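What follows is calculated from the coordinates using simple rules that are stated; it is not laboratory data. Computed from a predicted model, the values in this text were never measured in an experiment. Here the Cβ positions follow ideal geometry from the backbone for every residue, glycine too, while neighbour counts run over all protein chains shown.
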Amino acid sequence: MLDNLKDFASHFFVTGDPLIYGADVAIGLTMAAIIFVLFYFKKWGWLWREWLTTVDHKKIGIMYIIASLLMLFRGGVDALLMRAQLALPNIHFLQSEHYNEIFTTHGTIMILFMAMPLMFGLFNIAVPLQIGARDVAYPFLNALSFWMFFFGAMLFNLSFVIGGSPAAGWLAYPPLSELTTSPGVGENFYIWGIQLSGVGSLASGINFTVTILKMRTKGMKLMDMPLFSWSVLASCLTILLAFPVLTVTLALLFIDRFAGAHFFTMLHGGNPMMYVNLIWMWGHPEVYIVVLPAFGIYSEVVSTFSKKKIFGYKSMVFSLMIISVLGYFTWVHHFFTMGASANVNAFFAITTMAIAIPTGVKIFNWLFTMFRGRIRITQPMLWTLAFIPTFLVGGATGVMLAVAPADYQYHNSYFLIAHFHQTLIGGVVFGYLAGLYYWWPKMFGFKLNVKLGLWAFWLWNIGFYVCFMPQYALGFMGMTRRVYTYGWDMGWAPLNLISSIGAVFMGIGFIFQVWQILYSIKYGERDTTGDPWDGHTLEWSIPSPAPEYNFAVLPEVKGRDDFWRRKEEGLDNKIKEKDLKPIHMPKNSGIPFIMSAFWFVAGFGFTFGWTWMIVIGLAGVAGCMLARSFSKNNDYYIPVEQIRKTESKYGRLV
Amino acid sequence: MKKRGLLNGIKAAGLVAFAAFFLSGCSSDQLIVLDPKGPVGRTELHLIYLSVLLCAIVVIPVLAILVYILVRYRDKPGNKALYQPKWDDSKVLEVIWWGIPIVIIGILGVYTVKGVHTLTKPPVKNVNPITIQVTSLDWKWLFEYPDQGVATVNYVEIPAGVPVQFELTADGPMNSFWVPQLGGQEYTMPGMAMRLWLQADQPGTYFGSGANFTGEGFAHMRFNVIAKPQSEFNQWVKHVKDTAPAMTNDDYAKLKKQGLSHVKSYSSYPEARFRKVIDKNGGQYMNMDQNKNDMSNMDMKH
Ligand code: HEM
Ligand SMILES: [Cu+2]
Ligand SMILES: [Cu+2]
């Protein structure tokens with residue numbers, strides 16, 4: 001009996017590596033600490049009422065952001081472990097298998113559990129405020145989206161200590177990811193972690209599409225919308241078409257593994273190339289899904305801090321839309337060397353290069369927004385300025401990669417690694433950081449410390465170039481991606497060492513940002529005006545942090561940058577007492593949290609093939625759906641008295 | 001004051017790292033992609049240079065404009081530069097910056113299409129090509145010479161100055177066959193036979209590796225491509241024929257097992273082994289046109 005138990009435990013828990021025991025201990029201690037704090041300060045009720053059950057888009061946004069920063073930490077630690085292993089030839093810090101797990105989880109976490117939720121966090125914070133709405137179109141669904149993402153991410157992360165991590169790369173190509181070559185549960189964790197959070201992403205895509213199309217305040221035509229909201233629309237439309245492809249692809253892979261089907265094995269007439277096509281039909285649009293909102297943020301920031309209207313607004317909207325459509329016709333550039341005919345390769349090479357055109361146009365428009373403006377170098381602006389050269393070079397190497405015959409040389413090499421990190425970090429991460437600094441006062445009512453921010457900024461930026469520029473050269477030296485070790489013979493050592501040093505710089509930069517946040521919570525400059533940056537758009541017309549109903553009276557706008565116009569015309573943003581009416585709001589609900597937890601249980605059951613657990617999980621999900629469909633009384637009114645109190649506290653009532 | 005010193009220290013460290021990068025990394029004999037030893041690699045290199053040049057035409061001026069604008073339009077007291085907050089539109093400018101990239105991409109596109117087609121044909125026409133069949137295994141490379149009848153593991157000899165048609169497949173996870181100095185890579189896939197033309201101008205030893213991740217032993221999937229004058233190549237074949245053992249079906253089964261391997265030579269190999277492995281992996285579902293370089297005529301019905 002005891003032996004059986006021991007045997008089970010040694011398969012169930014990942015064993016044998018001191019790093020993993022270390023992680024076990026760290027995870028255990030953190031959990032214990034959190035639980036202790038919650039008990040000690042008697043915060044369970046508060047946590048449940050204010051956060052776990054909330055349907056307020058601003059709080060959901062904050063939870064997204066916290067979760068994604070935690071994932072940035074995890075993915076960053078993975079990155080540092082890899083760079084440590086590669087710093088010099090023949091290091092025995094990580095075993096091959098362990099290295100493979102780490103780059104797989106690093107890639108998956110960074111894209112799906114860091115970039116996506118950070119993006120949704122910013123959507124949640126800014127979109128309803130920018131378009132003058134009180135909430136998103138489906139607040140309950142919004143909460144469900146968050147919790148599905150959250151439990152999906154947790155399921156994926158669990159694989160590190162239970163059962164074993166996936167090790168077939170972040171896109172899990174078969175036949176490597178099939179049962180014969182990846183017999184452990186790692187790939188199942190991968191599939192179910194992504195499936196759960198994918199449902200959340202798709203739902204968010206729907207939610208924000210409808211929100212933007214239906215919930216704009218009076219007078220705001222589509223062509224009056226701030227560019228960030230436009231970029232969210234472009235990104236969400238892309239999500240609507242891309243994510244179902246991902247869901248189906250992973251479902252087929254799971255059926256292969258779980259039920260012995262052969263969708264992606266050649267053996268009984270399936271085809272692994274089909275998987276590669278399908279996964280990139282999602283995967284390529286995915287990179288535009290995450291970068292388009294960053295473009296939107298840059299547009300807001302550049303215009304605000306140049307004290308100027310955005311240059312070429314129509315061009316900007318047009319290029320966003322073109323990029324999101326063209327993004328669907330480029331996926332083959334990820335496997336030019338897989339034997340498509342010359343004409344097919346030529347077609348996809350041209351479509352890929354074509355995307356550089358609207359992207360380039362955007363850069364010119366940003367430049368000319370600054371031209372004849374008055375540029376203030378604030379923290380959001382710094383990250384935006386750093387983005388321009390980084391993305392220019394990243395875009396240029398992207399065009400180089402698009403030249404199909406040349407790509408036969410770059411493909412799967414470190415040149416590619418350098419390119420996509422340049423666009424993902426320089427484009428996406430810098431953009432979201434700019435957004436975070438920009439909307440931070442709106443979220444929390446204080447600004448982030450500038451001095452610490454400058455440290456973080458320079459460490460990140462210098463570290464970035466030191467880390468990734470050498471990797472272009474490593475690609476030219478024949479170094480392929482995903483190798484866990486190499487010898488002295490190829491001369492790859494010096495550049496790898498430099499690259500690892502750069503990675504450490506970025507790591508320290510991140511620590512400075514954590515410090516910056518903690519420090520500013522206490523000492524940060526408070527924002528009493530609601531408009532700390534002299535903004536142009538509606539979110540700056542309300543107090544910081546925004547009251548739960550956002551706008552006491554929904555604004556009526558006359559064109560683009562309406563808040564700026566009002567300030568120019570000397571109008572204030574005071575509320576008239578007689579305009580106040582009770583505000584209709586959705587009630588909090590525990591169902592999204594509970595239902596997602598049941599999905600987690602089901603996902604865990606699927607991962608290990610435990611029928612009883614699958615049944616419990618799915619029954620719980622069904623129960624939650626029933627409970628929701630029979631629940632009445634899901635809304636309430638905020639009484640005028642309460643609104644009056646809140647608004648006069650901010651001195652906004654006349 | 002102390003803080004500033006530290007900040008400067010970081011900047012200095014960055015500069016040193018950059019200098020080190022340019023001094024250590026760029027000795028050109030190690031940048032093997034930029035140092036091709038055959039016509040295929042050269043075609044690709046020319047495209048690389050062309051694309052760098054065309055991109056530089058945009059990137060460098062834009063960086064210069066960025067710096068200029070940042071200096072000139074800073075929000076400083078006393079800045080006399082023109083300030084036009086409402087100026088947000090100019091047809092002329094927009095036409096210019098939609099136009100220039102279109103032209104540049106147009107030029108690059110033409111050369112790309114040409115290049116794609118060039119590489120599907122043997123690099124020189126007046127010499128009879130040789131065929132070598134490549135199978136990627138977990139975690140080793142097997143090479144077979146259908147005309148010579150010999151086989152090797154983890155190294156391959158080729159005649160210099162002769163176009164080589166590599167026929168590629170995998171018996172295990174998909175890999176990618178890459179010899180940077182001779183030309184770009186091509187995937188090896190189970191159940192399929194892909195074709196890749198390469199050629200070495202000069203005798204020499206060229207580095208080759210697997211480029212697509214296949215699991216634990218992937219990092220060790222290296223091989224040398226040894227190019228020799230035709231006469232020496234013939235001697236080598238003869239030597240292998242005379243001295244190396246024959247590969248049996250058992251030997252192949254052992255090679256197929258997961259694990260690393262040393263270099264090996266075989267004087268012969270089981271009849272039609274390459275074809276059989278493709279069929280065994282499902283190749284019968286994919287009637288591939290034997291004369292085509294790609295999969296465009298592949299029959300996927302079954
Ligand atoms: C912060 C600094 C970062 C460092 C130092 C870093 C480093 C690395 C390293 C060493 C690899 C493995 C290369 C290989 O052996 O093939 C890698 C792969 C990857 N990284 Fe990062 N990374 C960073 C940030 C990011 C970010 C922000 C993203 C995405 C938003 C990202 C996405 C990926 C992806 C998708 C892969 C490919 C994984 C795979 O091959 O399956 N990385 N990164
Ligand atoms: Cu792509
Ligand atoms: Cu194929």
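Taking amide hydrogens as placed 1.01 Å from N in the peptide plane, the amide H of B:ILE132 sits under 5 Å from those of B:GLN165, B:PHE166, B:GLU167, each at least 5 positions away in sequence or on another chain. Scalar couplings 3J(HN,Hα) for region A:618-632, obtained by applying the Karplus form with A = 6.51, B = -1.76, C = 1.60 to θ = phi - 60°, are 5, 4, x, 4, 4, x, 5, 5, 4, 4, 5, 6, 9, 7, 9 Hz; x denotes Gly and Pro. For the listed residue pairs A:LYS309/A:LYS451; A:LYS574/B:LYS80; A:LYS447/B:LYS76, the alpha carbons are over 31 angstrom apart in A:LYS574/B:LYS80.
Residues whose amide H lies under 5 Å from that of B:THR188, counting only those 5 or more places away or on a different chain, are B:ASN175, B:SER176, B:PHE177; hydrogens are built 1.01 Å from N in the peptide plane.
Every helix of 4 or more DSSP H residues in the protein assembly as shown counts as -39500 (n - 2.57), and over all residues that averages to -19000 deg cm²/dmol at 222 nm. With r defined as the distance between the Cβ atoms of A:LEU267 and B:TYR49 and R0 fixed at 56 Å, what FRET efficiency is calculated, to the nearest 0.05? With a Förster radius of 56 Å, E is 0.80. Taking every Cα-Cα distance in chain B and sorting them into 10 Å bins starting at zero, the pair-distance distribution P(r) comes out as 5, 20, 25, 18, 13, 10, 6, 3, 0 percent. Ranking of A:GLU101, B:GLU232 by neighbouring Cβ atoms within 10 Å, starting from the fewest: B:GLU232, A:GLU101. For region A:290-526, the relative contact order is 22 percent, taking Cα pairs closer than 8 Å that sit 6 or more residues apart in sequence and dividing their mean separation by the residue count.
To make sure I understand, if each residue's beta carbon is the centre and we count other beta carbons within 10 Å, what order do B:SER268, B:SER90 fall in, fewest to most?
Details: B:SER268 17, B:SER90 12.
Ascending number of Cβ neighbours within 10 Å: B:SER90, B:SER268.
The slack in the chain from B:ASP242 to B:GLU271, taken as 0.36 nm per residue of separation less the alpha-carbon distance, amounts to 8.6 nm. Distance between the 7 Å Cα→Cβ label points at A:ARG376 and A:TRP46: 3.4 nm.
Using the Cβ-Cβ distance between A:GLN642 and B:ASP29 with R0 set to 56 Å, the FRET efficiency works out to roughly 0.15.
Taking the alpha-carbon distance from B:LYS276 and a cut-off under 28 Å, which lysines remain once sequence neighbours fewer than 8 residues away in the same chain are dropped? Partners found: B:LYS121, B:LYS140, B:LYS238, B:LYS241, B:LYS254, B:LYS256, B:LYS257, B:LYS264, B:LYS292, B:LYS301.
Both numbers refer to the Cα atoms of region A:46-91; Rg and Dmax are 17.6, 53 Å.
Along region B:187-198 the Karplus relation, 6.51 cos²θ - 1.76 cosθ + 1.60 evaluated at θ = phi - 60°, assigns HN-Hα couplings of 6, 9, 10, x, x, 9, 10, 9, 10, 9, 8, 9 Hz to successive residues, with x for each Gly and Pro.
Within the same chain, lysines fewer than 8 places from A:LYS587 are excluded, and of the rest, those with a Cα less than 20 Å from its Cα are A:LYS58, A:LYS59, A:LYS632. When all alpha carbon pairs of region B:75-196 are counted in 5 Å bins from zero, the resulting P(r) reads 2, 8, 13, 15, 12, 8, 6, 5, 5, 5, 5, 5, 5, 5, 2, 1, 0 %.
Amide H contacts for A:MET479 (H built 1.01 Å from N in the peptide plane; partners 5 or more residues away or on another chain; cut-off under 5 Å): A:TYR414.
Against the globular-protein guess of 2.2 N^0.38 Å, express the Cα radius of gyration of chain A as a ratio, rounded to two decimals.
Values: Rg = 25.0 Å, N = 654, 2.2 N^0.38 = 25.8 Å.
In units of the 2.2 N^0.38 Å rule of thumb, it is 0.97.
In plain terms, the chain from A:LYS632 to A:ILE91 could stretch by 188.5 nm, reckoned as 0.36 nm per residue minus the Cα-Cα distance. Given their separation in residues at 0.36 nm each and the Cα-Cα distance between them, A:ALA84 and A:LYS576 gain 171.0 nm when the chain is fully extended.
The HN-Hα couplings worked out from phi for region B:38-52 by the Karplus form 6.51 cos²θ - 1.76 cosθ + 1.60 (θ = phi - 60°) are x, x, 5, x, 5, 4, 5, 4, 4, 5, 4, 4, 4, 5, 4 Hz, whole numbers, x standing for Gly and Pro. For region A:350-404, report the translational diffusion coefficient in µm²/s to the nearest whole number, using Stokes-Einstein at 37 °C, 0.692 mPa s, and a Kirkwood Rh over Cα pairs. Calculated translational D: 263 µm²/s.
When only Cα pairs below 8 angstrom with a gap of at least 6 residues are kept, chain A shows a relative contact order of 17 percent. Spin-label pair A:PHE73-A:ALA622: with each label point 7 Å from Cα along the Cα-Cβ axis, the two points sit 4.0 nm from one another. Sorted fewest first by neighbouring Cβ atoms within 10 angstrom, A:HIS284, A:HIS98 come out as A:HIS98, A:HIS284. Once all Cα-Cα distances of region A:290-526 are split into 10 Å bins that start at 0, what whole-number percent is in each one? Distribution as computed: 8, 27, 31, 23, 9, 2, 0 percent.
In this simple spin-label model, placing a label point 7 Å from the Cα along the Cα-to-Cβ direction at both B:ASP250 and B:ASN128 gives a separation of 3.7 nm.
How high is the FRET efficiency between B:ASN79 and A:LYS218 when r is their beta carbon distance and R₀ equals 41 Å, given to the nearest 0.05? Let's see the in-between values first.
Details: r = 39 Å, r/R0 = 0.95.
The computed FRET efficiency comes out at 0.60.
Ranking A:PRO293, A:VAL399, A:VAL344 by how far each Cα lies toward the positive end of the dipole of chain A (charges on Cβ) leaves A:PRO293 at the top.
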